[in-house]
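Data block below; observations after.
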Amino acid sequence: MRCLVLTALTLCYATCYAADLVQLAGAGRTVLTLYPGQTRALVRETRQVTLPAGDSSLWFSWTTAKIDAATVALSVPNATVGEAVRPAGQDKTFVWRLSTASENTVTAVLTYMLDGCRWQPNYRLWIPAAGGPARLEGFLRLTNETGVDLAGVSVQAAVVGAGPEAVTQLYTLPEVCTVAQGETCTWPFVAAADVGSTVEYRYGADQYGGNVERVLRLSLDPETQRAVALLPAGSLTVYDAADDSAPLLLANLNFGGGYGMELDLGPEPDIVVHRKLMNMARSNIEQDRIGKVCGSDTQEDYEIQVRNHLTTPIDLRITELLTSNWELQSDLAPYEKGPTVARFALPVEPGAQAGLKFTLVKHSGTRVP
């Protein structure tokens, strides 16, 4: 943004005190702060300015830059800064009157919102086939549609957390960037991080179309969470760590300030499940005073057979949906059981078969507890 600032922001003494025009001293520093979901970025320009004793004027003007004039503000420590005034007929120029007790070199800070910074984070994740630490890298892609060249700027992305104690996390690019008008550039902004990953195999008679689904669970330990806290949401490409020639999955990454997320990797054809109703019987039939059936129990016996054609052992996560008037009896204790669901973890060795038997007792009518 040097081409914008160095030619536009100048310091001059008020005409009644001096006629000389004094340029800004040194290149200074420009910081561009990006916000998720916005093309407007906060620009903070810092310049060293030598002010004379008494009154002087500071001018700022622009031509093609998409600057929001209502957001332009100037701060000069150790100087009294008056209100910004627009000269007649110059809607892209601001003039501030300043006053200092003595001649002094101060730091002038100019801030404003600049539109046309179209950006997005992109992530790549490499996962081992059998689970374990995954490698996550983040890249920031910025397209300059501001109307001016962004030259020699420090770029940072800000992410604001949710909740009453929301904090802002800043990700600063490691290098000073230059993006010409109309140009798109990409930089790494999150260093490779080890992310805990676990591959789960899940089956439910009413889920995944009757297939076994492969689900990747990502988790961040507290130390890693602090390092990559509040990652901005963005597109995610998942690769096999052993072969990254083609992506396994295209998804979105959104930890949401938390410690984990799940990615559905699709069906696993090498795990075959057969769920079969073995027997059904009705019992405990109750009748009302005119002999009409008003309550009964229906017992359904099921068997699930699982064949693992993978070369690694698995714990198949089996989900059975229930209702409040059902009772579950099983030869394997569920690791999670609630009024509407029961979940089992069935271990199956590679190339082997394992089974699960359970009984559902459905109460109806007066038999409902």
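None of the figures in this text is laboratory data; all of them are computed from the coordinates on show. The shown structure was predicted, so the numbers you read here are calculated from the model rather than taken from an experiment. Cβ atoms come from the backbone with ideal geometry, glycine included; neighbour counts cover every protein chain shown.
The ranking of Trp126, Trp119, Trp187 by Cβ neighbour count inside 10 Å, starting from the fewest, reads Trp187, Trp126, Trp119. Take every Cα pair under 8 Å whose residues are at least 6 apart in sequence, average their separation, divide by the length of region 271-365, and the relative contact order is 33 percent. Net length available on complete extension from Asp301 to Asp264 is 10.2 nm, with 0.36 nm assigned per residue and the Cα-Cα distance removed.
Placing a pseudo-label 7 Å from each Cα along the Cα-to-Cβ vector at Asn279 and Ala246 gives an inter-label distance of 4.8 nm. By the count of other C-beta atoms within 10 Å, a proxy for reagent exposure, Tyr335, Tyr35, Tyr201 are ordered fewest to most as Tyr335, Tyr35, Tyr201. Centroid-to-centroid, using Cα positions, region 267-282 and region 97-135 are 54 Å apart. Placing pseudo-labels 7 Å out from each Cα toward the beta carbon at Glu145 and Lys66 gives an inter-label distance of 0.6 nm.
Can you work out D for region 271-365 in µm² s⁻¹ from Stokes-Einstein, where Rh is the Kirkwood radius over C-alpha pairs, the temperature is 25 °C and the viscosity is 0.890 mPa s? After rounding, the answer is 164 µm²/s. Computed from the C-beta positions of Arg118 and Thr93 and an R0 of 35 Å, the FRET efficiency is 0.80 to the nearest 0.05.
With 10 angstrom as the radius, rank Val43, Val212 by how many other C-beta atoms surround their C-beta, starting from the fewest.
Val212, Val43
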